[in-house]
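The values are calculated or read from the model by the stated rules, or taken from the named source; none is laboratory data. Predicted model, so just to flag it, every value in this text is computed and none were measured. We place every Cβ from the backbone using ideal geometry, glycine too, and count neighbours over all the protein chains shown.
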Amino acid sequence: MADLPIYPLRFDPISQYRLWGGRRLADWIDQPLPGEGPIGEAWLLSDREDNPSRVSQGPLKGQTIAELISQSPSYLLGRLSSRFQRFPLLLKFLDVSAMLSVQVHPSDAYPDLIPAGETGKTEGWIVLEAEPTSRVYAGLKPGVTAEALRTLSINTVDDCLASFNPEPGQNVLVEAGTVHSLGDGIVVLEVQQNSDITFRLYDWDHIDPELHGPRPLQIDQALQCIDMRQGIIRPVTPTVETAMPVRRERVLDCAHFRAWHISSSESLDVGIDDAPTVLVCVQGGGAVQYGGRDFEMMKGAVLLLPAAAGSCRFRPDGHAELLEIFVPED
């Protein structure tokens, strides 16, 4: 195994055109948005062949997550290396200025719908910005049938899908098999399984300028994997684990990932031993201290603490708010 230098890893964000996007991610990533069109996604941490994240600083600059895992699985993944061949999470900022398609992702219970090398897809949203008109759709209203979902339209979406007006600081867990959509002026951090499988039920009659027409739907596949027992989805009620001097709330918790919101003006420990941890700064700033060096974090910054780094110290510059994300044990 390679003897890789140990330090918190920063990656270049990967901006993605989406017809429903906007330009607000310029406030969340540390590079200019490309072009002048709608940018809906910035991929922050991606171990995917089509869009691999590359280290942006330090002696490992230019290397992808896949290359680091190939050289030394234990360096990056630690005790997770026996379970995963690639980094198990995909992190994105989403700027959903229009409405995302009404869609569903399959669970691992539907292998015939999942291409080789992929997995099911459970995801979570951490709301960063929202407008009074913003909307989150998640889950089915009582009595909704598959036939009603097959014929969704602008006139029937609200009859079939539960929805609410989101507010910054809310968190939504969208298990695989849940029908969902969001948009009309919302920015979220999306934490998800490392999968890119989406089946669209309805696309709000969008016309994609790049396709010169509507995007394709996958109604039959979507109906196969929808959990029709799934009821109304509401924002997660955070679990407060500590209140003073560091406020630490568990905001997402499922078999695939856990996330905490941390608010503090005092230094604190971050990361865990022998497993990777992702840190996202959502307010204020500060620095992760490791090996006698400071690794600065401002709003929107993302750092991956490799398993080999273990626990580190975060020192806020005044007051700061962080998200701490990792993969739970089996």
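The helices (runs of 4 or more DSSP H) located wholly in segment 56-170 that include 1 or more residues which are charged (D, E, K, R) and more than 30 Å from Leu9 (Cα to Cα) occupy 146-150, 157-160.
Going by the conditions given, is Arg23 surrounded by fewer than 19 Cβ atoms within 10 Å (Cβ to Cβ) and either more than 26 Å from Phe84 (Cβ to Cβ) or out of contact with any strand residue (DSSP E or B) (no Cβ under 9 Å at 6 or more places or on another chain) (or both)? So Arg23 passes the test.
Residue-by-condition table, conditions (1) within 22 Å of Asp30 (Cα to Cα); (2) buried (at least 20 other Cβ atoms within 10 Å of the Cβ); (3) touching a strand residue (DSSP E or B) at 6+ places or on another chain (Cβ under 9 Å):
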site	(1), (2), (3)
Arg258	no, no, yes
Ser265	no, no, yes
Asp269	no, no, yes
Asp273	no, no, no
Pro276	no, yes, yes
Leu279	yes, yes, yes
Gly285	yes, no, yes
Gln289	yes, no, yes
Asp294	yes, no, yes
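Listed by position, the strands (runs of 3 or more DSSP E) enclosed by segment 215-324 that each have at least 1 residues that are touching a residue at least 60 places away in the same chain (Cβ under 8 Å) are 247-253, 258-264, 277-290, 293-298, 302-305. Quick check: anything in segment 161-179 touching a His at 6+ places or on another chain (Cβ under 7 Å) and surrounded by 22 or more Cβ atoms within 10 Å (Cβ to Cβ)? So far as segment 161-179 goes, yes, one or more of its residues are touching a His at 6+ places or on another chain (Cβ under 7 Å) and surrounded by 22 or more Cβ atoms within 10 Å (Cβ to Cβ). So is Glu190 within 30 Å of Arg313 (Cβ to Cβ), of a type in the set (Asp, Glu), in the same structural domain as Phe87 (by TED's automatic domain parsing) and not in a loop (DSSP other than H, G, I, E, B) or not? Here the answer is yes, as Glu190 does meet what is asked.
Do we have any residue at all in segment 20-27 that's over 20 Å from the mean Cα position of the chain (by Cα), of a type in the set (Gly, Ala, Ser) and outside the structural domain of Val278 (by TED's automatic domain parsing)? For segment 20-27, residues over 20 Å from the mean Cα position of the chain (by Cα), of a type in the set (Gly, Ala, Ser) and outside the structural domain of Val278 (by TED's automatic domain parsing): absent. The lone criterion from (1) at pLDDT below 95; (2) in contact with a Leu (Cβ under 6 Å, 6 or more places away or on another chain); (3) not charged (D, E, K, R) left unmet by Gln31 is number (2). Applying the criterion of being under 15 Å from Gly62 (Cα atoms) and assigned to a loop (DSSP other than H, G, I, E, B) to the residues of segment 28-47, the residue that is nearest to the chain's Cα centre (by Cα) is Ser46.
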